[in-house]
Amino acid sequence: MNTGMPDGRAIGEGFMQWRRYAQRQQQLDAGGIVQSVLKMRKLTDAEVDAYRAPFPSSDYQSGALSFPRLVPIRPDHPGAFENRIASQRLRRLELPVLLPWGDADPVLGKLEPDLRVIFRNVAPPLVIHGAGHFIQEDAGEEVAGHIRTWLGTGR
């Protein structure tokens, strides 16, 4: 959901803004960040605290702050080649794939078509209207219902 397989092509301005923001930070408020980009609901204090829990101080935040710099944004960036190889291999598999996508994602909103072409056996587009980047928080119950239906349980 709302991800990508970056191979060095442009990811979009939303991601680049996130990358620049992360590079300027000394500390990361994970709960505050998740809350700030939700489009459809507000997290409870307990939910915000749960997102903050793995990062109790700056000593625990380096990985999260470094992560955006690890995403390949140019063809010669480390990881770009490996992601291109992975995409080629995924194209040969008959894996069933469902790609729920929030249409109000300010970070990766335009990448769904790029991800969709990687898979041979991809379900029709599943757009969650109004959901942002953290689709599991904006529309978790709706997405779960779609997944159950797609899996054939219908529950």
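Can you tell which of GLU137, GLU94, GLU47 shows the greatest fluctuation in a Gaussian network model of the chain with Cα springs below 10 Å? Comparing GLU137, GLU94, GLU47 in the GNM, the peak value goes to GLU94. Note that region 15-31 has calculated 3J(HN,Hα) couplings of 5, 5, 5, 4, 4, 4, 4, 4, 5, 8, 8, 9, 9, 10, 9, 4, x Hz, one per residue in order, obtained from phi through the Karplus relation 6.51 cos²θ - 1.76 cosθ + 1.60 (θ = phi - 60°); glycine and proline are x. So if I take the centroid of the Cα atoms in region 123-142 and the same for region 58-85, what is the distance between those two points in Å? Region 123-142 and region 58-85 have Cα centres separated by 25 Å.
With θ taken as phi - 60° and the Karplus curve 6.51 cos²θ - 1.76 cosθ + 1.60 applied, the whole-hertz 3J(HN,Hα) list for region 79-94 is x, 4, 4, 4, 5, 5, 5, 4, 4, 4, 5, 4, 4, 8, 8, 9 Hz, x standing for glycine and proline.
When the chain is fully extended, how far beyond the present Cα-Cα distance does GLU82 get from PHE67, taking 0.36 nm per residue of separation?
Numbers: separation 15, 0.36 × 15 = 5.40 nm, distance 1.67 nm.
Extra length available between GLU82 and PHE67 comes to 3.7 nm.
Under 5 Å between amide hydrogens, built in the peptide plane, is the criterion, and for LEU126 it picks out LEU99, TRP101 among residues at least 5 positions away or on other chains.
Do any trypsin sites (Lys or Arg not before Pro) in region 1-75 lie in a loop, going by DSSP, with at most 10 other beta-carbon atoms within 10 Å of their beta carbon, and if so which?
Numbers: sites: ARG9, ARG19, ARG20, ARG24, LYS39, ARG41, LYS42, ARG52, ARG69; in loops: ARG9, LYS39, ARG41, LYS42.
Qualifying residues, ordered by number: LYS42.
Which shape class applies to region 71-126: rounded if a/c is under 1.5, otherwise prolate when a/b exceeds b/c and oblate if not, where a ≥ b ≥ c are the square roots of the Cα gyration tensor eigenvalues? Oblate.
Relative to the current alpha-carbon distance between LEU98 and GLU13, full extension at 0.36 nm per residue lengthens the span by 28.1 nm. Rounded, prolate or oblate: pick one for the chain, where a ≥ b ≥ c are the square roots of the eigenvalues of its C-alpha gyration tensor, a/c under 1.5 means rounded, and failing that, prolate if a/b is larger than b/c, else oblate. In terms of gyration-tensor shape, oblate.
What is the chain's relative contact order, in percent, from Cα pairs under 8 angstrom and six or more apart in sequence? Provide the component values of the computation, followed by the final result.
Details: 234 pairs, mean separation 50.1, N = 155.
It comes to 32 percent, rounded to a whole number.
Give the shape of region 31-118 as rounded, prolate or oblate, defined through the alpha-carbon gyration tensor: a ≥ b ≥ c are the square roots of its eigenvalues, a/c under 1.5 means rounded, and otherwise the shape is prolate if a/b is larger than b/c and oblate if not. It comes out oblate by the Cα gyration axes.
Where a number appears in this text, it was derived from the coordinates with a stated rule and is not lab data. Note that this is a predicted model, so its numbers are computed, not measured. Here the Cβ is made from the backbone with ideal geometry for all residues, glycine too, and neighbour counts use every protein chain on show.
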